[in-house]
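A quick write-up on the structure given underneath.
The values are calculated or read from the model by the stated rules, or taken from the named source; none is laboratory data. Everything numeric in this text was worked out from a predicted model, so none of it was measured. Note that each Cβ is placed from the backbone with ideal geometry, even for glycine, and that neighbours are counted across all protein chains shown. The accessibility values were calculated without ligands, DNA or RNA, using every heavy atom of the protein model including side chains. Shrake-Rupley method; radii C 1.70, N 1.55, O 1.52, S 1.80 Å.
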Amino acid sequence: MTSIGTGYDLSNSVFSPDGRNFQVEYAVKAVENGGTAIGIRCKDGVVLGLEKLVSSKLLKKDANKRISTVDRNMGVVYSGLQPDGKHFVSRARDEASSWRSTYKAPIPVSSLANRMGSYVQAYTLYNSVRPFGITAIIGGYDAETELSVDGAVGSGPKSGSGGKTKGAKEGGPYLYMIEPSGTYWGYYGAASGKGRQAAKSELEKLKLDPKDGECISLEEGVKEAARIIYVAHEDNKDKDFELELTWVSSVAGPTKGRHEEVPKALREEAEKLAKKSMEGDEDDEEEEKMEE
Amino acid sequence: MNHLPQAWGRPRDDIYGAYDHSYLPQTHANTHPTTHTQSPVVTGTSVLGLKFKDGVVLAADNLASYGSLARFTDVKRLKPFNRKAVVGFGGDVSDMQYLDRLLNSLDVQENYSGAATTEEDDGEAPAATADGEGGEDKHKAILDAKNLHTYLSKVLYKRRSDFNPLWNAILVAGLTTPPPPAPSTSTSSPKDTTTSKPTGPAPSRKPIPYLAYADLLGTTYSSPTLATGFGAHLAVPIMRRAVPDEAAAAKLSREEAVEIVKKCMKVLFYRDARSMNEYSLCVIDGKGVDLQENIKLEGESWAFAEGIKGYGTQTV
Amino acid sequence: MAAFTSYVSSAGQPSYSFPQQQSAPSHASRAPIQHSFYPYTDNGGSTLGISGDNFTIIAGDTRSTSGYNINTRYEPKLFRIGGEGSEHKGSKIVLSVVGFAADGHALKERLDTVVKMYRYQHGKEMSVNACAQRLSHILYNKRFFPYYVQAILGGVDEEGRGALYSYDPVGSYEREFCRAAGAGASLIMPFLDNQVNLKNQYEPAAPQGLEKPQLVPQPLQRAATEELVRDAFTSAVERHIEVGDGLQMMIITKDGIEEVFSPLKMD
């Protein structure tokens, strides 16, 4: 940050002589202070998790949900400035709805990521605005089954021209992360916010790439997500937090293709296991100390 | 610099001047007066609805007619809204599709506020109050059949008031939770023993069957037996014979109700020239929505037609 | 000769005594398109209101019709206005509407909102006469696309007397002692004139001739009035196909609204 104070960081959309856009980098800093958010793309769905830091004891428990639904089959979780995140979600919902009115079908996760990436990037181009102070993780499930066209009647030809190709399969679980610069990539596992480094190293240990053999199941994913959020919280222990977990599966799966909260029973079990594993770690550490 | 995102990427008016619309092809200019539906084009015929003990039966055939031409024979006119309500559409099919999309986007938006999406999360389930907070699930309530009917009838009334009607007659069926019992001072008359309101069983907080009608004029009404279009002439008398009032509907079993509706669908197929022998039938009760979309008319026989002479009353 | 010239319009084109056949509309013409959509219908039924010394009764049958069809046997035409919440707790004003039911519902919702807003803004209940005038304004404001309804508004006024107001579809209104509206109005109104306002009733002992003294209307008793309403409707049901099924009565006193339902013939 040697260029700070040279004036090139005062305005958005202005490059410094060494080719950096400082406003965007400062936005990344804003994200780094936010609670950890993660997403895991599992074999049969996507899990989103959030370490929701409790900013006041006066806030009602389990109220003020932070992970949002876009359309029916996608979820968005973000770290950083909450109002920016709310606006991001609102725009994502508008994009999804306008896609529906154009194509009479739900927007694919990849297209939403593309649209939102462009939108976020536009906020780095003008000096009348500032970049988004969030990193957003979008997780969703593009339906594999044949989807009816919105408002359509009838089932269409059964064979021949306009008929269905038998055994054709598309769709599946998808996960994307969009940064303040507008950069977005598809991920097997994504993390942002304060505890992202710890979370990322935990995510790397998981079997998430289908090419490496069996990928973890959605239910394992839920438990891992809970554990990773607890691990990521370790460096921030003085602050209280609530664990927020959502998931989305295929139409045949537990959420019937919808993005929704992880049911209470499963969330509590995952949280219990997460706490247990943390205690186990502490024991290990203590044991190690004893050995010393 | 314009800070409004919608201005980004457009030539600046202060430099290039406002966009000159005269360069657009004439078809884009507003040379014609706006036109509204004067009459329906592709139409669906009757929708039937019948209340029973713990739910409602709804039926409509799968035909969409273009005048007297049986144009589309695979048109599903019963549209489930969520797991609590179903809408049956008669009248213009394109307007039905518009309303279906409207309801679809409404359902998507409903879910954004954290509305329950699975059966387990439903406010009706007793397990939902495990933490002792009854109000916990209140915000999760989703639109029930009554809410949906109110919404749709207002859409229809607004459009008729704009002289741009949605050319439909619809039935909304499902369950609704009745309002809490009203204070006795203002509604009942203890001295009058003949008092009886035909509005169904005594008010309780248990969801009760709901069936209501709305049409292109915004007209609305509710009854244990309802039918749109030709069904109002042919099916309603048959259904009313079995279910004259709410009390009779409260005694009717699901099987009996389905049987009556199936009988009415048969009469309609025999007598309504814009009908077909394949139809959708839907039963909505406490367990959810059971929709069958390709029912074939059973025991079809035109033998009775042999005996009909003249307009039907003629005997020789 | 003048008779012939009158068939020729000033523009010099011939006109006919029968409607001219219109040429097919061409797209080039900018003439506004004639709408064939008619936005009204008649849902039949009848309502009536009678006001007494310390009460008002508003009544209506519960049949809804379209043409010769009975839509339903229970669709109330009486609505509580104001009060608390959607249940209208504590309300003391009743609106009855007969004619085009969809307009009736829209009108009732608007008036109800107005009366509720009045209480939120002024911290007191709206009086019936204020409500009555407001209703007139609502109707008059839409006079170029009217609410196709005959409305009757009932309540108790600030002196505790029964108050009854009747309206035409464009907002002309007056306070009356009794009024019948809707399909059976022409059957019920003369009966009410005779029985409530004692029209054509004379002192029995008086000598025949022009000097016969007319009977003077006396304040009505509630029980007798209820019977009068029942009689009016049972008679109307016999003579009008759009009236029947059920009779809904609301009796408004200083203590609130009492609702009574009694069956009518369903044929």
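When we screen C:170, C:114, C:97, C:149 for residues that are within 15 Å of the chain's Cα centre (by Cα) and away from chain B (no Cβ under 14 Å), the only hit is C:170.
Does residue B:173 satisfy the condition of being within 22 Å of the chain's Cα centre (by Cα), at pLDDT below 95 and away from chain A (no Cβ under 13 Å)? So residue B:173 fails the test. Inspection of the stretch B:111-127 finds a residue satisfying the criterion of being surrounded by fewer than 17 Cβ atoms within 10 Å (Cβ to Cβ) and at pLDDT 85 or above. Scanning the stretch B:205-250 for residues that are within 8 Å of another protein chain (Cβ to nearest Cβ), open to solvent by 30 Å² or more (accessible area, probe 1.4 Å) and part of a strand (DSSP E or B) turns up just one, B:222.
Consider the stretch A:1-41 and keep the residues that are closer than 16 Å to residue A:123 by Cβ and among the small types (Gly, Ala, Ser). The one that is least open to solvent (accessible area, probe 1.4 Å) is A:27.
Looking only at the stretch A:30-41, decide whether some residue is of a type in the set (Asp, Glu) and without any contact (Cβ under 8 Å) to a residue 24 or more places away in the chain. Give the derivation first.
First, pick out the residues of the stretch A:30-41 that are of a type in the set (Asp, Glu): A:32.
Then keep just the ones that are without any contact (Cβ under 8 Å) to a residue 24 or more places away in the chain; that gives none.
No, the stretch A:30-41 contains no residue that is of a type in the set (Asp, Glu) and without any contact (Cβ under 8 Å) to a residue 24 or more places away in the chain.
Here the strands (runs of 3 or more DSSP E) wholly within the stretch A:155-273 that include at least 1 residues being within 14 Å of another protein chain (Cβ to nearest Cβ) and open to solvent by 30 Å² or more (accessible area, probe 1.4 Å) are A:259-261.
Among the residues in the stretch A:250-261, are any over 28 Å from residue A:107 (Cβ atoms) and modelled with pLDDT of 95 or more? So that I can check it myself, show each step before the final result.
As a first pass, look at the stretch A:250-261 and keep what is over 28 Å from residue A:107 (Cβ atoms): none.
Scanning the stretch A:250-261, I find no residue that is over 28 Å from residue A:107 (Cβ atoms) and modelled with pLDDT of 95 or more, so the answer is no.
Mind checking whether some residue in the stretch C:120-136 is within 14 Å of another protein chain (Cβ to nearest Cβ) and either surrounded by fewer than 18 Cβ atoms within 10 Å (Cβ to Cβ) or modelled with pLDDT of 95 or more (or both)? I'd like the intermediate steps shown before the answer.
Within the stretch C:120-136, the first condition is being within 14 Å of another protein chain (Cβ to nearest Cβ), and the residues that meet it are none.
The answer is no; no qualifying residue exists.
When the stretch C:48-80 is examined, which residues are found to be within 13 Å of chain B (Cβ to nearest Cβ), more than 14 Å from residue C:163 (Cα to Cα) and among the hydrophobic types (A, V, I, L, M, F, W, C)? Scanning the stretch C:48-80 gives C:70, C:78.
Quick check: is even one residue across the stretch B:77-92 on the phi < 0 side of the Ramachandran plot, aromatic (Phe, Trp, Tyr) and surrounded by fewer than 24 Cβ atoms within 10 Å (Cβ to Cβ)? So far as the stretch B:77-92 goes, no, none of its residues is on the phi < 0 side of the Ramachandran plot, aromatic (Phe, Trp, Tyr) and surrounded by fewer than 24 Cβ atoms within 10 Å (Cβ to Cβ). Annotation: of all residues in the stretch B:270-316 being within 30 Å of residue B:250 (Cβ to Cβ) and β-branched (Val, Ile, Thr), the one that is surrounded by the most Cβ atoms within 10 Å (Cβ to Cβ) is B:284. Restricted to the stretch A:98-125, and to residues there that are open to solvent by 40 Å² or more (accessible area, probe 1.4 Å) and under 22 Å from residue B:7 (Cβ atoms), the residue that is farthest from the other protein chains (Cβ to nearest Cβ) is A:115.
Name the strands (runs of 3 or more DSSP E) wholly within the stretch C:153-267 that hold at least 3 residues that are surrounded by 21 or more Cβ atoms within 10 Å (Cβ to Cβ), in contact with an Asp or Glu (Cβ under 7 Å, 6 or more places away or on another chain) and in contact (Cβ under 8 Å) with a residue 24 or more places away in the chain? Full working, then the answer.
Values: elements: C:162-167, C:173-175, C:178-182, C:246-253, C:256-263.
Result: C:162-167, C:246-253.
Return a yes/no flag: does the stretch A:81-96 have any residue that is part of a loop (DSSP other than H, G, I, E, B) and either open to solvent by 20 Å² or more (accessible area, probe 1.4 Å) or of a type in the set (Lys, Arg) (or both). There is at least one residue in the stretch A:81-96 that is part of a loop (DSSP other than H, G, I, E, B) and either open to solvent by 20 Å² or more (accessible area, probe 1.4 Å) or of a type in the set (Lys, Arg) (or both).
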